[in-house]
Amino acid sequence: MTTTTTTTTTVTATRSISCPIDPVRLSSRNSQLTEMASTSQGHFDAYEALDLTEFAKNHQPWWRKLFGEETRSAGEKRSVATQLLVGGITGWCTGFIFQKVGKLAATAVGGGVFLLQLANHTGYIKVDWKRVEKDVKKAKEQLKIRKSAQIPNEVKSKTEELVSFVKQNALVTGGFFGGFLLGMAS
């Protein structure tokens, strides 16, 4: 002997709006909602459950198919397209920012030199050219001394790290430099 239990649910829709509402329209909407709830109440068993994990595995977006899986260890390489795209985008952003900052710095330095020359010419400041010449000679001698000395070990180790990174990540580095040049040109 099987027992079937039927449950009826009443749905009430309420509105809280400051504008006047039509009571006939509201009551018809309430009756529609009540009818929909009562007719669909007993039919849940007729539908099949959808496993979203299987659906997600089989229906991946195009960018995930192009760039590969995201679940990989840190040591594994990404696909060629991903490496070039990441390198290109970061290179373009770096080149674009470098271009803007470079223009600003060049304008500031050039403007500063121009203002100093203008102030010197009009007599606002007096430049001691003998002292400037003496300081330039002193700086040249220090550069010659440093040039003859060996490169520090710290600089050598950082250079070796950089060369190793470039060799291991040739695609990212190539994409970066290409993007950097495009960023500088834009």
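The values are calculated or read from the model by the stated rules, or taken from the named source; none is laboratory data. These figures come from a predicted structure and were not determined experimentally. Backbone-built Cβ (ideal geometry, glycine too); neighbour counts: all protein chains shown.
Among the residues that make up the range 124-135, is at least one of them of a type in the set (V, I, T), on the phi < 0 side of the Ramachandran plot and not in a helix (DSSP H, G or I)? Walk me through how you get there before you give the answer.
To start, the set of residues in the range 124-135 that are of a type in the set (V, I, T) comprises 125, 127, 132.
Keeping just the survivors that are on the phi < 0 side of the Ramachandran plot gives 125, 127, 132.
Going one step further and asking which of them are not in a helix (DSSP H, G or I), we end up with 125, 127.
Within the range 124-135 (the criterion being of a type in the set (V, I, T), on the phi < 0 side of the Ramachandran plot and not in a helix (DSSP H, G or I)), the answer is yes, since at least one residue qualifies.
May I ask you to list the residues in the range 136-183 that are small (G, A, S), in a helix (DSSP H, G or I) and farther than 30 Å from L115 by Cβ? Before the answer, list the steps.
From the range 136-183, those small (G, A, S) are 139, 148-149, 157, 164, 170, 174-175, 178-179, 183; that's our starting set.
Next cut, in a helix (DSSP H, G or I) only: 139, 148, 157, 164, 170, 174-175, 178-179, 183.
Correct list: S148, S157, S164, A170, G174, G175, G178, G179, G183.
Here's the yes/no breakdown for (1) loosely packed, with under 11 Cβ neighbours inside 10 Å; (2) at pLDDT 90 or above; (3) under 30 Å from L85 (Cβ atoms):
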residue	(1), (2), (3)
I97	no, yes, yes
G112	yes, yes, no
Q117	no, no, no
K130	yes, yes, no
V136	yes, yes, no
E141	yes, no, no
G178	no, yes, yes
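Scanning the range 119-128 for residues that are surrounded by 10 or more Cβ atoms within 10 Å (Cβ to Cβ) and not polar (S, T, N, Q), which turns out modelled with the lowest pLDDT? Let's see the steps before the verdict.
As a first pass, look at the range 119-128 and keep what is surrounded by 10 or more Cβ atoms within 10 Å (Cβ to Cβ): 119-120, 124-125, 127.
Remaining after also requiring not polar (S, T, N, Q): 119, 124-125, 127.
Working: A119: 90, Y124: 89, I125: 87, V127: 81.
Result: V127.
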